[in-house]
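Shown next, in structure tokens, is the structure this report addresses.
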Amino acid sequence: MSGDRRTEVRNGLEPCLPRLWRYALMLTRRSHDAEDLVQSTCLRAIERADQFIPGTRLDRWLFAILRSIWLNQARSDRVREGEGNLDAEAILTFDGAKAIETNILIGQVLKKLSALPTAQRETALLVYAEGYSYAEAAAMLDIPVGTVMSRLAAVRAALTKDV
């Protein structure tokens, strides 16, 4: 049975990598740290594949692993807020006037998101970018649904401030 789980986890990892990387990037704020975090997540998932429950959502399990690893690292490293922010406008620049306008807007949103407290950033990413329901995000973050709603209200207020 554990061989079946290991195969299911290994086969499911690759499709989840872009989403894991986005989540890791929002948490760590640095590309190389996000890559390290995703790699650690994949390794831990393979090592602990016997803990995965077949028939459940692999992506939720992987997100929980990633978050757990990040929290442990953040506690031990005492991560400083605001360090290593990405220059989103430089990263998201493409040719074309419309693409540039869109990327400027995206850059502004990402800068505002980056300035938010970690709890609000990760909640916004899970619900708005990854499409999880409030209940799913609450379960993944181990918080009440009302807290998810409150965090998202604060995110919306911060993003629309000065608009």
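Name the residues in region 128-137 that are among the hydrophobic types (A, V, I, L, M, F, W, C), under 15 Å from Val155 (Cβ atoms) and modelled with pLDDT of 90 or more, would you? Reasoning before the result, please.
Pass one, region 128-137, residues among the hydrophobic types (A, V, I, L, M, F, W, C): 129, 135, 137.
Next, only the ones that are under 15 Å from Val155 (Cβ atoms) stay: 129, 137.
Once the filter is applied, which keeps residues that are among the hydrophobic types (A, V, I, L, M, F, W, C), under 15 Å from Val155 (Cβ atoms) and modelled with pLDDT of 90 or more, region 128-137 yields only Ala137.
Being of a type in the set (Val, Ile, Thr) and either part of a loop (DSSP other than H, G, I, E, B) or farther than 23 Å from Leu125 by Cα (or both) is the filter here, so list the residues in region 10-58 that pass it. Explain how you work it out, then say what you get.
Here is the first cut: in region 10-58, the ones of a type in the set (Val, Ile, Thr) are 28, 38, 41, 46, 53, 56.
Selection gives Ile46, Ile53, Thr56.
Within region 142-163, being among the hydrophobic types (A, V, I, L, M, F, W, C) and either in contact (Cβ under 8 Å) with a residue 12 or more places away in the chain or exposed (fewer than 11 other Cβ atoms within 10 Å of the Cβ) (or both) holds for Val148, Met149, Leu152, Ala154, Val155, Ala157, Ala158, Leu159, Val163. Kindly provide the set of residues from region 95-127 that are modelled with pLDDT of 90 or more and in contact with a Lys or Arg (Cβ under 7 Å, 6 or more places away or on another chain), ordered by number. The answer is Ala119, Gln120, Thr123. Inclusion of Leu37 among residues that are over 16 Å from Leu113 (Cβ atoms), in contact with a Cys (Cβ under 8 Å, 6 or more places away or on another chain) and of a type in the set (A, V, I, L, M, F, W, C) is not warranted. Tallying residues that are out of contact with any Ser or Thr (no Cβ under 8 Å at 6 or more places or on another chain) and touching a residue at least 12 places away in the same chain (Cβ under 8 Å) within region 27-47 yields 12. Of the listed requirements (1) modelled with pLDDT under 90; (2) surrounded by fewer than 16 Cβ atoms within 10 Å (Cβ to Cβ); (3) among the charged types (D, E, K, R), Arg5 misses just one: (2). Considering every residue within region 64-80, establish whether at least one is part of a loop (DSSP other than H, G, I, E, B), modelled with pLDDT under 90 and either touching a strand residue (DSSP E or B) at 6+ places or on another chain (Cβ under 6 Å) or loosely packed, with under 13 Cβ neighbours inside 10 Å (or both). Among the residues of region 64-80, at least one is part of a loop (DSSP other than H, G, I, E, B), modelled with pLDDT under 90 and either touching a strand residue (DSSP E or B) at 6+ places or on another chain (Cβ under 6 Å) or loosely packed, with under 13 Cβ neighbours inside 10 Å (or both), which makes the answer yes.
For region 129-141, what are the residues that are surrounded by fewer than 15 Cβ atoms within 10 Å (Cβ to Cβ) and part of a helix (DSSP H, G or I)? Matches in region 129-141: Ala129, Ala135.
The values are calculated or read from the model by the stated rules, or taken from the named source; none is laboratory data. The structure displayed is predicted, hence computed values, not measured ones. Cβ coordinates were reconstructed from backbone atoms using ideal geometry, including for glycine residues, and neighbour counts include every protein chain displayed.
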